[in-house]
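One structure below.
The values are calculated or read from the model by the stated rules, or taken from the named source; none is laboratory data. What you are looking at is a predicted structure, and each value in this text was computed from that prediction instead of being measured. Neighbour counts are summed over all protein chains in view; Cβ atoms, including those assigned to glycine, are modelled from backbone coordinates with ideal geometry. Remember, those area values only see protein heavy atoms, side chains included, never the ligands or the DNA or RNA. Shrake-Rupley method; radii C 1.70, N 1.55, O 1.52, S 1.80 Å.
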Amino acid sequence: MLRVNKILHRGLDMRFGLPVFSGILIGTSYIPFPPWASLFCFVPLWIFWNRQTRLGEVVLGGLVCSFVFTLIGFNWVTYTLHEFAHLDWWVACIGMLIFAFLAHLFVPLAGALWFGLTGGISRSSWHSRWIMALLTVLSQASMPTLFDWNFGYTWFASNIPLYQWAEVVGFSGLSAFTVLSGLMAWAYWEGRRRVRGPRILLTSLLVLVLLNGGGLWLNGRQDPPDGLLKVLMVQGNIGNSEKMAAELGNGYQDGILKAYLDLTEKGLQGASGSTVDFAIWPETAFPDFLGPGIRSGPRRERLSQFLEGHKLALVTGAYGYNFDLGKLTNSLFLLDREGRLVEPHYSKTILLAFGEYLPGESWFPVIRSWLPPIGEFARGDGPTHLIAWNGHRMGAQICYESLFPDFTRRWADLGAEFLVNATNDSWYGTWQEPRQHLMMTLGRAVEVRRPVIRVSNTGISTVGLASGQHLAESPLHEPWVGIYEIPYRKDPTPTLYQSTYWFIPLLLWGMLIQLGGLAVWLRFKPRVDLKTQI
């Protein structure tokens, strides 16, 4: 044991041992891992920063940390580059290394800002440490990333009751609490051999217990549901090659439609004659165009006849067309029990860069000629009109729109009773990303206390209830159909987070401005020369 400790200490004494250690702690504390080190994962990096006297060392330490945790927590990008971009595995691995270097620059940015702000105060002071922690939180929340992830979701994924506070502060607020808790861990580490060390540890554990107890209380005080929805969910498991060929008009459309109709038929047989409110198919599941102004073709007629024959309503992803812009749309449509379209439909608003639009094209149109295969979709109008039918009011999310709290909050403000998320996660494999995407999506149910119904082409398809509980999950990469009974509130009350979502960011920015302003003033205030006064 002593030898192991010596090896560990020797490793941490390496030039960038502490940033590497922080990277390992962060990477292994995010979904699908439990939050075992979430409350202290940044502390080794902060200690490293605190010891530095040069900006370059601070920035480099931040880059090392972010590089390590990105390799651990987001290595599914390698599979995506191979599957989506059709790159050889060795090229995909190089792409992963580049992504790991660039994906989370919020870490070195936070270090650089801290180094610049605190030049006039003692680096060992708690004034300096609070600025460091606040900059870490706010940089993570402000800088764009591939997924709008944060440190709050892992509590939810691990079913630790602390996550229920998302109703009050959102998962971004939980993330801020998680990172700022590192200051307590740092204080304990420094005082671990003195009397105050155990006191700090006990206080931290007591706060954690109280917050989890409060989470259980928040869940127990919810208004009971007064409505019940019965939904048939269909997961087609259409392979990427078939799906891409169908989207390019190169065949497979009829086979894909048959697969979905057969699965839906199977699901209806399992309903034992009871009425299903509607069925849901995933993102772009219907292999043809839908929408006003679109000529009805054989596949549309076949779908309408099936729905009319079974008296079944359907929510499905399909391609639409924006005639004003002359561009495709990635849309979600509702067809009633006679197979007729119900308007308005919803078109995806937050598009996927390099998949559905080319960043910078509006300023530099020439880059389109360099990358012609990149999709060119029209953006939807966002959360403006609910999909309403048969007394139901639903908000729509397509794919990773579910990761943006403000987007879902706007649906809740419009009065959505529940949310429908249609996704295609077939590009990401079975490791990490499906679970990460799922838990971030279902987290919206807790923030606005409305069910989220999620159906994915290859899984994971399930339902997240307003309580935070989620129902049985579909298998990954298998054709599947399931029927869910979903309790919900017909007139849901806005949550505190929904009404005061701005409070935590305002508080954190206010604290940073106050502490940072004081640090700048201390740095540049006139220094009194006592010798001249004598």
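Can we say residue 428 is touching a strand residue (DSSP E or B) at 6+ places or on another chain (Cβ under 9 Å), at negative phi and hydroxyl-bearing (Ser, Thr, Tyr)?
In short, no.
Conditions tested, residue by residue: (1) over 24 Å from the mean Cα position of the chain (by Cα); (2) at pLDDT 90 or above; (3) farther than 28 Å from residue 433 by Cβ.
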site: 348; (1), (2), (3): no, yes, no
site: 351; (1), (2), (3): no, no, no
site: 373; (1), (2), (3): yes, no, no
site: 377; (1), (2), (3): no, no, no
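So, residue 70, is that one at pLDDT 95 or above and crowded, with 17+ Cβ neighbours inside 10 Å or not?
yes
If you scan the range 459-476, which residues turn out to be modelled with pLDDT of 95 or more and closer than 22 Å to residue 286 by Cβ?
Across the range 459-476, the qualifying residues are 460, 461, 462, 463, 474.
Tell me which residues, restricted to the range 156-181, are of a type in the set (Ser, Thr, Tyr) and either under 18 Å from the mean Cα position of the chain (by Cα) or crowded, with 23+ Cβ neighbours inside 10 Å (or both).
158, 163, 172, 175, 178 - these are the residues of the range 156-181 that are of a type in the set (Ser, Thr, Tyr) and either under 18 Å from the mean Cα position of the chain (by Cα) or crowded, with 23+ Cβ neighbours inside 10 Å (or both).
Can you name the residue in the range 384-430 that is closer than 19 Å to residue 31 by Cα and in contact with a Gly (Cβ under 8 Å, 6 or more places away or on another chain) and is also most open to solvent (accessible area, probe 1.4 Å) among such residues?
405
Within the range 281-328, how many residues turn out to be of a type in the set (Ser, Thr, Tyr), part of a strand (DSSP E or B) and open to solvent by 10 Å² or more (accessible area, probe 1.4 Å)?
Number satisfying all stated conditions: 2.
Six or more apart or on different chains, Cβ atoms under 8 Å: show the pairs whose first residue is in the range 323-350 and within 19 Å of residue 388 (Cβ to Cβ) and acidic (Asp, Glu) and whose second is assigned to a loop (DSSP other than H, G, I, E, B) and open to solvent by less than 60 Å² (accessible area, probe 1.4 Å).
If the second residue must be assigned to a loop (DSSP other than H, G, I, E, B) and open to solvent by less than 60 Å² (accessible area, probe 1.4 Å), the pairs left are 336/313.
Looking at (1) out of contact with any helix residue (DSSP H, G or I) (no Cβ under 6 Å at 6 or more places or on another chain); (2) open to solvent by less than 20 Å² (accessible area, probe 1.4 Å), which one does residue 255 not meet, given that it meets all the others?
(2)
Within the range 485-522, track down each residue that is under 26 Å from residue 394 (Cβ atoms), touching a residue at least 60 places away in the same chain (Cβ under 8 Å) and open to solvent by less than 60 Å² (accessible area, probe 1.4 Å).
486, 487, 488, 492, 495, 497, 498, listed by residue number.
Within the range 431-484, track down each residue that is open to solvent by less than 10 Å² (accessible area, probe 1.4 Å) and β-branched (Val, Ile, Thr).
The answer is 441, 446, 448, 452, 453, 455, 458, 460, 462, 463.
Against the conditions (1) modelled with pLDDT under 95; (2) touching a Pro at 6+ places or on another chain (Cβ under 9 Å), where does residue 491 fall short? Just the number, please.
Here residue 491 meets the rest and fails (2).
Only residues in the range 286-307 that are within 19 Å of residue 322 (Cβ to Cβ) count as the first member; pair them with residues that are not in a loop (DSSP other than H, G, I, E, B), Cβ under 6 angstrom, at least 6 apart or cross-chain, and list the lot.
286/316; 286/318; 288/299; 289/319; 290/318; 290/333; 291/320
Quick check on my filter: what residues within the range 17-36 are open to solvent by less than 30 Å² (accessible area, probe 1.4 Å) and either within 15 Å of residue 177 (Cβ to Cβ) or aromatic (Phe, Trp, Tyr) (or both)?
Selection gives 29, 30, 35.
Evaluate the range 218-235: report whether one residue or more is part of a helix (DSSP H, G or I) and loosely packed, with under 14 Cβ neighbours inside 10 Å.
yes
Hey, can you tell me all the residues within the range 182-200 that are open to solvent by less than 70 Å² (accessible area, probe 1.4 Å) and in contact with a helix residue (DSSP H, G or I) (Cβ under 7 Å, 6 or more places away or on another chain)?
As a first pass, look at the range 182-200 and keep what is open to solvent by less than 70 Å² (accessible area, probe 1.4 Å): 182-183, 185-187, 191, 197-198, 200.
182, 183, 185, 186, 187, 191, 197, 200, listed by residue number.
Which of the residues belonging to the range 104-155 are β-branched (Val, Ile, Thr), crowded, with 20+ Cβ neighbours inside 10 Å and over 15 Å from residue 509 (Cα atoms)?
Selection gives 107, 118, 154.
Inside the range 432-480, can you point out the residues that are over 19 Å from residue 490 (Cα atoms), in a helix (DSSP H, G or I) and among the β-branched types (Val, Ile, Thr)?
Correct list: 441 only.
Tell me yes or no: at least one residue of the range 82-94 is surrounded by fewer than 20 Cβ atoms within 10 Å (Cβ to Cβ), in a helix (DSSP H, G or I) and under 22 Å from the mean Cα position of the chain (by Cα).
yes
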